[in-house]
């Protein structure tokens, strides 16, 4: 009764606080039976093994790429010092373009922008 | 279920590859199967919601149980994936690999098998200890609790360094006195417990669990010493030997020295180097520690018998016989009303009685005359 | 409160007990976790990622597109982008020793680095092992209004929780500054540390839905950064309106609060961190100084 | 010490190389189209995400509907109509599958399933659409913000028609540009002209590798390509006795590849498809540069 | 003063040091403090007489103070302790040693060594040197009195323990008489001595099975206990020689242990029954469960049926206690399921159920509906 009789702004704060707090909102604890517990463990194990494999594969590929860059630069240094100097110039101010977007779950209505107009500079 | 042969089980002859490897027992041990077959359907095929899981006992609780959504479908895919990975590992095992390498690969191939996990979680006493994967899980369990507890007690009660200087525990040592008819004393004893004399008046059952593969013909020594026997001449303590087993052959699965073995006359003759005599503390002589040490015999059989000297030097004994300490256990005793009866049983004279109050007499160095 | 009046279960008063304790050396090498040996609260010994723990929370609940993009596309690009042939690690400004022979310095802390109060990290060349990565986003909301009326902080906390899906922690004042009415121990805002899927979801919302709709937003200042690869910028209350979680419930959040966002990276330098953030879709702009 | 020695050695080597004029340097362009949509997940991954998601929902706190739908409002009524409360724990009824534990209109044993009432905008939109004609509706559809969102198909027309030259195919994969000039499919390669003439004192006399690749691309593919060059640094070298092909990595961001001569054919292919079109040894050499996704 | 004097002497000898006309050292010291005492002058306290009270190598008695200090200038080492004000005192009689401990290189320690020639600290891994300190009571009367002395806790617990022991003894003696008649019935005629041995054995097995040992374990344990007691008797001299020990042992093994092991068994409730091997037990278990399923599921359970179900479940030596409880909860529910024919009243008015009809409302989880049934008396398993 007393809660209902407070003014509107106080009531709003009370509501906000109750939306934040855990009281009466928590679900029952998961008490899995023995069989389900082992099943869950197996699922988790499989996921961990799977992720480990994926990460290993990525790591191997990145290492190979790094080695390949290193070899290319080593070779370029031998073949053409000028080109090497240009290729090894640090690009400190270079930024990734905003047009490079991260993938979405579903494609946009027009999956690709074809009508690109080159700027004046390039011509 | 548990094979008692000491021979090395399970070698994989030739290359072997099957994607349904976890349901194929032609080359894998039968002991990797679910021990209790009544759980098989619930675990591998899914729980029927109209009957509920088998592991819950009460019918109403069984029906009221709800599995997480989509657990069975996910489990099926996970099982297939892990089984495939396991088959790949089995394909790597051949006869050229060393024993350690084979064991390592066997652990890797079976460690995620849900049947193995279920066995180790729910029937840890019935598992086959010859299988490296089970030993690995046993070791993890031991290291996560029991090893820490026993080392804490051994340190707190000064078993190290009062008997042996230090301990690098390799085996799990469990002790119980199965002749007891009271539940409190008939279970496995937690290290450091204070026990009454009647609870220890018959020799204990000792379990020594090795976690690495035990080499053939490896022998063990077990010594029970009491470092708190009063020595009135010097006003200090001396160590007495209460029980000694030597040259005991043990394996991963055959690892208990208990009633069944002691009943055998040959065993008693060959391995009991000193008959069991329980600790019988005298009145007001305070708590005494019964320290049980387990040694690996690194240089074969011990031939010499143990002398009857008054003060037993366990360090010297271990060094002269090149024994490696691998595990220990401790319990405590003090004078209680059953001590006199135990003394009578063992034909011991009546115990001395000491003053209740501790006096300020200094220690008398050995060799000086006994003048207080 | 005097020490004598503290209630305790012990029968002897605290004042008669010695304030001395020492650690006895042990005789073995087994580390003992004492808390796991107690029998009173067994569930506290279960690790959080075990489903039996009351604190268990599933982590991989959906496909994480931001992380996948980073792993599959950006990592390889960044490796190539940062590659510098024959480069070596640049040693940071380190704490100095007091000299080898001074007996006074045996147990003394090392000297501060030259010209700085704290040592700086080495800058190592980028290899597949240390490709810069966004490790977390920390959101810090300083609520001035809460200094006077602490209940105002409730709506600030709720606002952060609404946006980030993580329950914020309350921040308290550490010191007294009377002219600003800052009192020690009073609530002055809240903060959230985002990691994993919470972070990537927040990042994608920010980059794809919020920032493009802020007309005045030019980008993050090019000079932002703490020199070790953590970039900060702020959002004002008007800009927070564009978060879809707030936008659709405007009547529930009549007062909005601005906050600071810190993108925590392991890049090591601000320059690298900036490049990393642009690859994740955050724009930067260069300040033009007024040149007369 | 050893460093300076190395430098000397390399300088000597390069001088011999450039003096000999024996090697021809070219720049190969690895032009990629990054995935537009998220990667396709395996069956196990999809199932795992579903399982975890269900667990997550099961362990979520109860939705504070009293906060979002204030008591006595119309929206609250609509919400209540859409979400009838769970079964009440009546002590006179038997529940063979467990008694419900209801707190705040949620059975705490299960996840909470919610249906949300339509917002004011949506309702008014519906009303309007009801009154309007179908043609008007069509026109309004495109630019109306509050129209119902229907996700587009992950498989595009280009996939269906198997148009290998389209940039809209295989949206979840990385595509690579290959061209055919003399009946052989290759990655676009552009030869360095000036370095062979051998004036190595001036930098301006040579074109940097990435510029070379850019110029070459515009030459064969037209000007309307928006692309991002990842780095000046080559990511790979394909060596033979007298040739050096340095790989330059770029992403196409928008625009299109328009062949500037009739003889040029081009395709946008995934990693596996590249294996079919390129020479086997060559593909094996560059396999690690190509993304699996 | 002495400085002034020496300088004054100097000036006397060499005049070059005097400056100007005024004599250089003719100086007056003015008071810089007020003459009347201020508060700060009075707060000096008496010395606290801190410091070591004994020297290295001195003999100390327990409780004797070794060091008084503020804070721990010196730390308490072996056989010493520290008081509330950091006073270090001896815990054992012995010789004082001041030393450094390698585990705490910045601390000084003081300890008490139990003998004169023992250095401190003692090597980390060597056994501790300890003092026993208790004196033997020689006089027999006093010794007996002291031995009989009980702590308060023991004294208070004694009556209860005694009563428990008596109850146990009574239970066992009842069991003995009970077993005696049963065993003599089962085994036929035998000598009184042999019968007593067998009865004692069964009682012991019963006791061990009460703490959870299986029948085979308990049998082996009881055999071992008997032989072990015989051996102790031999050691005590109650048995003349080794030969009679062996003959007694053989007699027990052949006539008591082996003769009864395969015939008699006892369960944890103290019921004697024919021994079954573990394989036989398994077969029997399956049989009983099959019988329960075939004969009693889906049927009305009256008192008679209930008794036969209970008899089947409680067949001695077949099921463990937990299993029995589980079987009871499955086969003897309080209310039979609605699928059992004859437990549902065909037509009834939910508001006015007839005599002997109980209205039951059950929630169906699949259809999400509440169904109402009228249950007849037969639906409820009779309670005794």
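The values are calculated or read from the model by the stated rules, or taken from the named source; none is laboratory data. No experiment lies behind these values; they were computed from the predicted model shown. Note that each Cβ is placed from the backbone with ideal geometry, even for glycine, and that neighbours are counted across all protein chains shown.
Annotations
- Some residue of segment B:91-105 being in the same structural domain as residue B:280 (by TED's automatic domain parsing), part of a helix (DSSP H, G or I) and out of contact with any strand residue (DSSP E or B) (no Cβ under 9 Å at 6 or more places or on another chain): no
- When every residue of segment A:50-57 is checked against the conditions, at least one turns out to be buried (at least 16 other Cβ atoms within 10 Å of the Cβ), at pLDDT 95 or above, assigned to a helix (DSSP H, G or I) and within 13 Å of chain B (Cβ to nearest Cβ).
- Flag for residue E:193 being exposed (fewer than 12 other Cβ atoms within 10 Å of the Cβ), farther than 27 Å from residue E:279 by Cα, out of contact with any strand residue (DSSP E or B) (no Cβ under 8 Å at 6 or more places or on another chain) and not assigned by TED's automatic domain parsing to the domain that holds residue E:320: yes
- Top-ranked residue of segment C:31-56 - restricted to ones that are part of a loop (DSSP other than H, G, I, E, B) and surrounded by 13 or more Cβ atoms within 10 Å (Cβ to Cβ), ranked as nearest to the chain's Cα centre (by Cα): C:56
- Residue selection: residue A:73 fails the criterion of being under 25 Å from the mean Cα position of the chain (by Cα), closer than 27 Å to residue D:287 by Cα and facing chain D (nearest Cβ under 8 Å).
- Residue count for segment B:302-321 under the criterion of being under 22 Å from the mean Cα position of the chain (by Cα) and either in a loop (DSSP other than H, G, I, E, B) or under 21 Å from residue B:250 (Cα atoms) (or both): the result is 1.
- Residue within segment A:17-35 that is part of a helix (DSSP H, G or I), within 23 Å of residue B:110 (Cα to Cα) and more than 29 Å from the chain's Cα centre (by Cα) present: yes
- Exclusive hit being in a strand (DSSP E or B), facing chain A (nearest Cβ under 9 Å) and at pLDDT 85 or above, set D:231, D:254, D:250: D:254
- Residues being under 30 Å from residue D:35 (Cβ atoms), touching a helix residue (DSSP H, G or I) at 6+ places or on another chain (Cβ under 6 Å) and either more than 8 Å from chain A (Cβ to nearest Cβ) or loosely packed, with under 14 Cβ neighbours inside 10 Å (or both) - total across segment C:66-104: 2
- Residue match in segment C:105-121 (condition: surrounded by 13 or more Cβ atoms within 10 Å (Cβ to Cβ), within 11 Å of chain A (Cβ to nearest Cβ) and modelled with pLDDT of 90 or more): no
- Filter result for the condition that a residue is in contact with a strand residue (DSSP E or B) (Cβ under 6 Å, 6 or more places away or on another chain) and either at pLDDT below 95 or buried (at least 21 other Cβ atoms within 10 Å of the Cβ) (or both), over B:200, B:222, B:214: B:222
Yes/no matrix, rows are residues, columns are (1) assigned by TED's automatic domain parsing to the domain that holds residue D:250; (2) assigned to a helix (DSSP H, G or I); (3) modelled with pLDDT of 90 or more:
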{"residue": "D:8", "(1), (2), (3)": "no, yes, no"}
{"residue": "D:13", "(1), (2), (3)": "no, yes, no"}
{"residue": "D:16", "(1), (2), (3)": "no, yes, no"}
{"residue": "D:32", "(1), (2), (3)": "yes, no, yes"}
{"residue": "D:50", "(1), (2), (3)": "no, yes, yes"}
{"residue": "D:55", "(1), (2), (3)": "no, yes, yes"}
{"residue": "D:62", "(1), (2), (3)": "no, no, yes"}
{"residue": "D:76", "(1), (2), (3)": "no, yes, no"}
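- Number of the exception - residue B:254 against (1) more than 14 Å from every other protein chain (Cβ to nearest Cβ); (2) surrounded by fewer than 18 Cβ atoms within 10 Å (Cβ to Cβ); (3) in contact with a strand residue (DSSP E or B) (Cβ under 8 Å, 6 or more places away or on another chain); (4) in contact (Cβ under 8 Å) with a residue 40 or more places away in the chain: (3)
- Assessment of segment C:275-290 against the conditions (in a loop (DSSP other than H, G, I, E, B), free of Cβ contacts under 8 Å to residues at least 60 places away in the same chain, over 30 Å from residue A:14 (Cα atoms) and in contact with a strand residue (DSSP E or B) (Cβ under 7 Å, 6 or more places away or on another chain)) yields no matching residue.
- If you filter segment D:85-103 down to residues that are at pLDDT below 90 and within 46 Å of the chain's Cα centre (by Cα), you find that the one that is farthest from the other protein chains (Cβ to nearest Cβ) is D:85.
- If you go through segment C:264-292 and keep only what is over 22 Å from residue C:122 (Cβ atoms) and away from chain A (no Cβ under 14 Å), you end up with C:287, C:288, C:289, C:290, C:291, C:292.
- On the stretch given as segment B:171-195, residues that are more than 8 Å from chain E (Cβ to nearest Cβ) and buried (at least 16 other Cβ atoms within 10 Å of the Cβ) total 12.
- Test: residue in segment C:235-257 that is in a strand (DSSP E or B) and without any contact (Cβ under 8 Å) to a residue 60 or more places away in the chain: yes
- Strands (runs of 3 or more DSSP E) contained in segment E:80-142 and holding at least 2 residues loosely packed, with under 15 Cβ neighbours inside 10 Å: E:104-113
- The residues of segment D:34-44 that are part of a loop (DSSP other than H, G, I, E, B), in contact with a helix residue (DSSP H, G or I) (Cβ under 8 Å, 6 or more places away or on another chain) and free of Cβ contacts under 8 Å to residues at least 24 places away in the same chain amount to a single one, D:41.
- Taken together, E:284, E:323, E:306, E:290 contain a single residue that is out of contact with any helix residue (DSSP H, G or I) (no Cβ under 7 Å at 6 or more places or on another chain), in a helix (DSSP H, G or I), in contact (Cβ under 8 Å) with a residue 60 or more places away in the chain and not assigned by TED's automatic domain parsing to the domain that holds residue E:197, which is E:306.
- Here residue A:106 fulfils each of the conditions (1) modelled with pLDDT of 85 or more; (2) buried (at least 18 other Cβ atoms within 10 Å of the Cβ) apart from (2).
- Failed criterion for residue C:155 (all others in (1) surrounded by 16 or more Cβ atoms within 10 Å (Cβ to Cβ); (2) in contact (Cβ under 8 Å) with a residue 40 or more places away in the chain; (3) touching a strand residue (DSSP E or B) at 6+ places or on another chain (Cβ under 9 Å) hold): (3)
- Scanning segment B:122-157 for residues that are free of Cβ contacts under 8 Å to residues at least 12 places away in the same chain and in a helix (DSSP H, G or I) yields a total of 7.
- Filtered residue count, segment D:104-117, keeping only those that are assigned to a loop (DSSP other than H, G, I, E, B), touching a residue at least 40 places away in the same chain (Cβ under 8 Å) and away from chain B (no Cβ under 14 Å): 4
- Out of C:257, C:249, one residue alone is under 20 Å from residue C:153 (Cβ atoms), over 18 Å from the mean Cα position of the chain (by Cα) and crowded, with 20+ Cβ neighbours inside 10 Å. It is C:257.
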